[in-house]
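Below: one structure, written as structure tokens.
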Amino acid sequence: MPLLHATHLSYQFENGVYLFNNISCCLQARLTGLIGRNGSGKSILAELLSQKRIPTTGSVTLNTQVQGYHQYALDDISPHLTIAQFLEIEHILDALDMIEQGHIDTKWFDIIGDNWLLKEKISHLLLQLKLPSDTRMLCQKLSGGQLSFLRLWKLFQSDAGLLILDEPSNHLDLQAKKWLIQQIQHFSGHILLISHDRLLLREMEHIWELSSLGLTEYGGNYDCYVNQKTQDQGAIERQLSQLQTQQKKEQKQYQSNKEKADKRAAMGNKTRKKGSQSKMLLNAMKDKATSKASSRIKQYQSHSKSLQQAVNQLHARQAQPQEHHLPLPQTSNKKTSLLRIERGILPFGDIRPIQLCLYSNDKIHLQGANGSGKSTLFNVLLKKINLKQGKLHMNTALYFLDQHIDLMSNNQSILEYIQADNHSHNETQNRTLLAGIGFKGDTVYRPVHQLSGGERVKLALLTVNLNDRQPLMLLDEPDNHLDIESKQMLANMLAAYKGAFMLISHDNAFVKQCGITQTLTLVDL
């Protein structure tokens, strides 16, 4: 009996638009990756499969306990919790402390159970990922990546038969990703992984692709999927070429037959005018020719329609490239100083003094492990917090795009949202701009809060980049929620950008494509 079985699932928005329709699947492989473009409905499908959301039609059968990781759940963590409270182990650690102090009440032994080595286990875990060793530290002092790691650790300690992990590697540095891969490999239950991270997808045994065609299954990991997809697309292109050649050939033959029939009809009319043959015979010949011509036309039209239907079906199966165009504010070619930090000491993270001069054409990759102070430096530049020591000189406007893109609660439509920030363009111009990032037709009327993470990134970037001023862009892991194609497009866009930006990202392949001119490395000491 499969752990999960879904039949004829569909999901319809309040405005009547279907996100997807008639999805059926059966989870059998231990490690399954769910992929698809931004906005295809992966996260909503995961909520339907885990029975956290009700489908418009269809049903889901679950035969195991399910626990999940959602990419936005970090926002729900109370900053007043300690690490021990968040991990729900505070009572065990307290009981161990009481026994170490000489207390022998049986209730402490009952609380500990079999967890006598919990302190050592947690200490090793925190050390391994370079997390604070003090389990009484408040969660508000941890970075997004550190909180993600702790949430994932809790999940892998559970006795769930199925984990549904929605973008679990977002906010994780390379070391934490390696730890995540180890946990995935050693987890005894099943895992459904929603991700654009090729490093994780290569660990999968089965791939589900969600697209406008529905849910398509591929055996093997991500590399096997790419090979199979390439072969399938090659076969579709060959079939299209053959059908289109056949269409041209039949159209040419039809035109030739029509010209011959017209020529014969003209000769018959000429003979009729001469009166050399009886009109009864000529009429009979004309009726016969007309009947044959009508039959040929119907046969041609029927076959032509069948061929076109086959062509249309192949076009629907053909992968369509995303053509996204994000207009960027263009700075002048003059090299000017934008900011300078003189022997700056961060209040959190790297304790070494920072010496930094950033000019109008600099593209800086800000790298470092989780907790090294990358987001802290951004907050210093945004003047949310102050340097512990040193001086900051700022000579530019800033535009900050963080990793959460806080548009979730916005009830405006996409078109209303862009118009509110872009008064210099009329509705037609704004719709053209939105079409450039994939929002075409009636999709511009979707509420902003219904957008996927990747769609919110692109909308936020469009809004920022329509400003006429010349900003320094601060990009805090903007690639986190983007599908693979969109990530490549964003990298190409940043590489072509003539202004300055500072970029935080843990994806080395993405960083290399962004045209980085220098790297600033922070260290968690």
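Going by the structure shown, is Leu152 under 21 Å from Asn480 (Cβ atoms), open to solvent by less than 70 Å² (accessible area, probe 1.4 Å) and assigned to a helix (DSSP H, G or I)? So Leu152 passes the test.
Could you please find all residues in the range 344-372 being in a loop (DSSP other than H, G, I, E, B) and within 24 Å of Ala509 (Cβ to Cβ)? Steps first, please.
Taking the range 344-372 and keeping what is in a loop (DSSP other than H, G, I, E, B), we get 346-353, 360-362, 368-372.
Those that are in a loop (DSSP other than H, G, I, E, B) and within 24 Å of Ala509 (Cβ to Cβ): Asn361, Asp362, Gly368, Ala369, Asn370, Gly371, Ser372.
From the list Leu147, Leu163, the lone residue that is in a helix (DSSP H, G or I), touching a residue at least 60 places away in the same chain (Cβ under 8 Å) and buried (at least 16 other Cβ atoms within 10 Å of the Cβ) is Leu147.
Sort through Leu382, Leu358 and tell me the only one that's at pLDDT 85 or above, open to solvent by 30 Å² or more (accessible area, probe 1.4 Å), in contact with a strand residue (DSSP E or B) (Cβ under 8 Å, 6 or more places away or on another chain) and within 30 Å of Leu172 (Cβ to Cβ).
Exactly one of Leu382, Leu358 is at pLDDT 85 or above, open to solvent by 30 Å² or more (accessible area, probe 1.4 Å), in contact with a strand residue (DSSP E or B) (Cβ under 8 Å, 6 or more places away or on another chain) and within 30 Å of Leu172 (Cβ to Cβ), namely Leu382.
Going residue by residue through the range 6-15, is there one that turns out to be in a strand (DSSP E or B) and under 27 Å from Lys487 (Cβ atoms)? Yes, that holds for at least one residue.
Only one of the numbered conditions (1) without any contact (Cβ under 8 Å) to a residue 60 or more places away in the chain; (2) out of contact with any strand residue (DSSP E or B) (no Cβ under 8 Å at 6 or more places or on another chain) is not met by Leu451, and that is (1). Filtering the range 31-55 to residues that are part of a loop (DSSP other than H, G, I, E, B) and open to solvent by less than 60 Å² (accessible area, probe 1.4 Å) leaves Gly36, Asn38, Gly39, Ser40, Gly41, Ser50, Pro55.
Residues that are in a strand (DSSP E or B) and without any contact (Cβ under 8 Å) to a residue 12 or more places away in the chain within the range 202-238 comprise just one, Thr216.
What are the residues in the range 170-199 that are of a type in the set (Ser, Thr, Tyr) and open to solvent by 10 Å² or more (accessible area, probe 1.4 Å), if any?
Step one: filter the range 170-199 for residues of a type in the set (Ser, Thr, Tyr), giving 188, 195.
Scanning the range 170-199 gives a single hit, Ser188.
Among the conditions (1) open to solvent by 40 Å² or more (accessible area, probe 1.4 Å); (2) at negative phi; (3) touching a residue at least 24 places away in the same chain (Cβ under 8 Å), the only one that Ile111 does not satisfy is (3). Of the set (1) surrounded by 11 or more Cβ atoms within 10 Å (Cβ to Cβ); (2) of a type in the set (A, V, I, L, M); (3) more than 30 Å from Tyr399 (Cα to Cα); (4) at pLDDT below 75, all apply to Met280 but (1). Counting the residues of the range 56-81 that are in contact with a Ser or Thr (Cβ under 7 Å, 6 or more places away or on another chain), modelled with pLDDT of 90 or more and not in a loop (DSSP other than H, G, I, E, B) gives 6.
Can you find even one residue in the range 90-99 that is outside any loop (DSSP other than H, G, I, E, B) and loosely packed, with under 11 Cβ neighbours inside 10 Å?
Let us first name the residues in the range 90-99 that are outside any loop (DSSP other than H, G, I, E, B), namely 90-99.
Right, trim to loosely packed, with under 11 Cβ neighbours inside 10 Å and you get none.
No, every residue in the range 90-99 fails to be outside any loop (DSSP other than H, G, I, E, B) and loosely packed, with under 11 Cβ neighbours inside 10 Å.
Within the range 1-30, being without any contact (Cβ under 8 Å) to a residue 12 or more places away in the chain and of a type in the set (D, E, K, R) holds for one residue alone: Glu14.
The values are calculated or read from the model by the stated rules, or taken from the named source; none is laboratory data. Note that the structure is predicted; figures quoted are calculated from it, not measured. Every residue, glycine among them, receives a Cβ derived from its backbone with ideal geometry; neighbour counts consider all protein chains shown. These area figures cover heavy atoms from the full protein model, side chains too; ligands, DNA and RNA do not enter into them. Shrake-Rupley method; radii C 1.70, N 1.55, O 1.52, S 1.80 Å.
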